[in-house]
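Participant: Sharing a structure, written as structure tokens. Questions coming.
Derivation of every value follows stated rules applied to the coordinates shown; laboratory data play no part. Every value quoted in this text rests on a predicted model; they were computed, and no experiment measured them. Glycine gets a Cβ as well: all are built from the backbone with ideal geometry, and neighbour counts include every protein chain shown.
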Amino acid sequence: MSKTVVIAFANNKGGSGKTTTCSNVACAMAAMGKKVLMIDGDMQLNLTLSYFDEEKALEFSESGKNLYEAVKNEKDLSDFIVETGYKGLDLVPSTSLMSSIEFDLFTKWQREFIFKKCLEPVRARGYYDYILIDAPPTLGGWVMNLMCASDYILIPVEASPWGLFGLANLFEFYHKVKTLAPALKVMGIAVTKADERKKYFKQTLEILSDLKDAKLFNTYIRVDSAIEWSQDNSKPVVAYRKTSRSAIEYTKLTKEILAYGNR
Ligand SMILES: Nc1ncnc2c1ncn2[C@@H]1O[C@H](COP(=O)(O)OP(=O)(O)O)[C@@H](O)[C@H]1O
Ligand SMILES: [Mg+2]
């Protein structure tokens, strides 16, 4: 039986490309025949909105078909999964109610492992090859929950002068989480929004390749307006415009991620 691999896309810096990377890697994996579940862990619902319009997102929120309802009530996540319309690709939607999740977790017994318990039945069934989690840009109890339930973290980093800001805090946090979840590993850093003409892009790559805590994926994602157009149409770019350069790059990055286990 194949084992489900759980990857959290995390970086405490907002705008680093977490959601874009999570939604596109998930869609590319599904297009390559994998069974993939995405989990929108952010109260801003950006991953949910990468696949559904606002009206539909509101419906998930009001009908209780969302992550908040599952975690707050410590329920099996299986009952909160929705189909995206793409073959082999499902989602647990978020809701703006997630803004109070830290507070809701606070009084719970073994509060770092609530999400892990919700996810366990989905994992145990072994239906999905990959579960990809889009984390919010914070380093608190909720992200700790997401990491404790994951096998790997994948860190998208924006190739900008401020892109590296806070990375040290993220690694410090990761080492703290490892005391609770010793098997957790950093799969790698994926550079996003790269502009090869800019001097700091090369500089960013050099700094990141020197890090001892994580390896850099060979594929980086360049700045591409097709990404914004795709998001405007509630579609990942790998489905919206397959021939765009970011779609091609995200497909390459996905192959690197799939190959990771074979290394
Ligand atoms: N390669 C890219 N080219 C152009 N815009 C991008 C690219 N990647 C992400 N963006 C844009 O940057 C913003 C932040 O990306 P997002 O994935 O939402 O980051 P995060 O989830 O880390 O906050 C979004 O508006 C998105 O459309
Ligand atoms: Mg996001």
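Participant: If the only charges are +1 at each Lys and Arg Cβ and -1 at each Asp and Glu Cβ, what is the size of the charge dipole of the chain around the Cα centre, to the nearest 20 debye?
Facilitator: Around 1040 debye, computed over the chain.
Participant: Which value in nm describes the separation of the simple spin-label points at residue 252 and residue 75, placed 7 Å from the Cα toward the beta carbon?
Facilitator: Going from the residue 252 label point to the residue 75 one covers 4.3 nm.
Participant: Can you give the calculated 222 nm mean residue ellipticity of the chain, where each DSSP H run of n ≥ 4 adds -39,500 (n - 2.57) and the sum is split over every residue, rounded to the nearest 500 deg cm²/dmol? Walk me through the numbers before you get to the answer.
Facilitator: Values: 12 runs with 113 residues, N = 263.
Only helices count here, giving -12500 deg cm²/dmol.
Participant: While we're here: Distance between Cα centroids, segment 1-38 to segment 192-248: provide it in whole Å.
Facilitator: Each part reduced to its Cα centre gives a spacing of 15 Å.
Participant: Express the C-alpha Rg of segment 5-260 as a ratio against the empirical globular expectation 2.2 N^0.38 Å, rounded to two decimals.
Facilitator: Against the compact-globule rule of thumb, the ratio is 0.94.
Participant: For Cα pairs less than 8 Å apart in space and 6+ apart in sequence, what is the mean separation divided by the residue count of segment 73-184, i.e. the relative contact order in percent?
Facilitator: About 25 percent, as a whole number.
Participant: Now for a separate question. Taking 2.2 N^0.38 Å as the expected size of a compact globular protein, what ratio does the Cα radius of gyration of segment 144-263 give against it, to two decimals?
Facilitator: This ratio for segment 144-263 stands at 1.14.
Participant: To continue, here is another question. Can you give the FRET efficiency to the nearest 0.05 for residue 242 and residue 178, using r as the Cβ-Cβ distance and R₀ = 35 Å?
Facilitator: FRET efficiency, residue 242 to residue 178: 0.35.
Participant: A further question on this structure: Full extension from residue 162 to residue 196: what is 0.36 nm times the residue separation minus their Cα-Cα distance, to one decimal in nm?
Facilitator: Contour length minus Cα-Cα distance gives 10.6 nm.
Participant: What percent antiparallel are the DSSP beta bridges of segment 5-260, to the nearest 5?
Facilitator: Values: 2 of 28 bridges.
Given both bridge residues lie in segment 5-260, the antiparallel proportion sits at roughly 5 percent.
Participant: What order do you get for 45-54, 189-198 when each peptide is scored by the mean count of other beta carbon atoms within 10 Å, highest first?
Facilitator: Packing order, densest peptide first, comes out as 45-54, 189-198.
Participant: Do any of 65/108; 18/199; 75/193; 108/176; 3/65 go past 29 Å between their Cα atoms, and which?
Facilitator: 75/193
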